[in-house]
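Here is the structure we will look at, set down as structure tokens.
The values are calculated or read from the model by the stated rules, or taken from the named source; none is laboratory data. Values in this document were obtained by computation on a predicted structure and should not be read as measured data. Every residue, glycine among them, receives a Cβ derived from its backbone with ideal geometry; neighbour counts consider all protein chains shown.
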Amino acid sequence: MNTTKRILISLLIGLAVAGGAMMKDKMTNAEWVVSPEQIAEAKAQGKIGFESSPGTVAVLPIRSEKADMLPLTWAMFGIAAAAVSFRVLSRKAA
């Protein structure tokens, strides 16, 4: 397989892995400890805010401490997957 095909396939695999990691984090709401949707839902029920633990009420969204690192994590997953796939595609068949 020539180098151009290997690079293209590796990039596509890296993008797919990074996109999958991003989708997983977005679906699990990893960016938020208390999301704006949770607060809006609590206010729709007539409560003052979202009760995260007994006696603790959040009236404003609270971002996770690791929220700023998420894009870097997605990029690292994608780069690692692309590197591994590039290496695997370069091996010659026995």
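Would you confirm whether or not segment 35-48 contains a residue that is within 30 Å of residue 7 (Cβ to Cβ) and assigned to a helix (DSSP H, G or I)? Within segment 35-48, none of the residues are within 30 Å of residue 7 (Cβ to Cβ) and assigned to a helix (DSSP H, G or I). Would it be correct to say that residue 79 is outside the structural domain of residue 2 (by TED's automatic domain parsing) and either surrounded by 15 or more Cβ atoms within 10 Å (Cβ to Cβ) or β-branched (Val, Ile, Thr) (or both)? So residue 79 fails the test.
Looking at 22, 1, which is the one that is in contact (Cβ under 8 Å) with a residue 40 or more places away in the chain, within 30 Å of residue 87 (Cα to Cα) and surrounded by 14 or more Cβ atoms within 10 Å (Cβ to Cβ)? Steps first, please.
Numbers: 1 fails: surrounded by 14 or more Cβ atoms within 10 Å (Cβ to Cβ).
Residue meeting the stated conditions: 22.
Filtering segment 17-46 to residues that are more than 14 Å from residue 59 (Cβ to Cβ) and in contact with a Pro (Cβ under 7 Å, 6 or more places away or on another chain) leaves only 32.
Looking across 65, 41, 51, 37, one residue alone is of a type in the set (D, E, K, R), surrounded by 11 or more Cβ atoms within 10 Å (Cβ to Cβ) and either under 18 Å from the mean Cα position of the chain (by Cα) or closer than 21 Å to residue 23 by Cα (or both). It is 37.
The conditions of being loosely packed, with under 13 Cβ neighbours inside 10 Å and assigned to a helix (DSSP H, G or I) are met by residue 87.
Residues being under 11 Å from residue 79 (Cα atoms) and of a type in the set (Val, Ile, Thr): count how many of those fall in segment 1-16. Going through segment 1-16 one residue at a time, the tally reaches 1.
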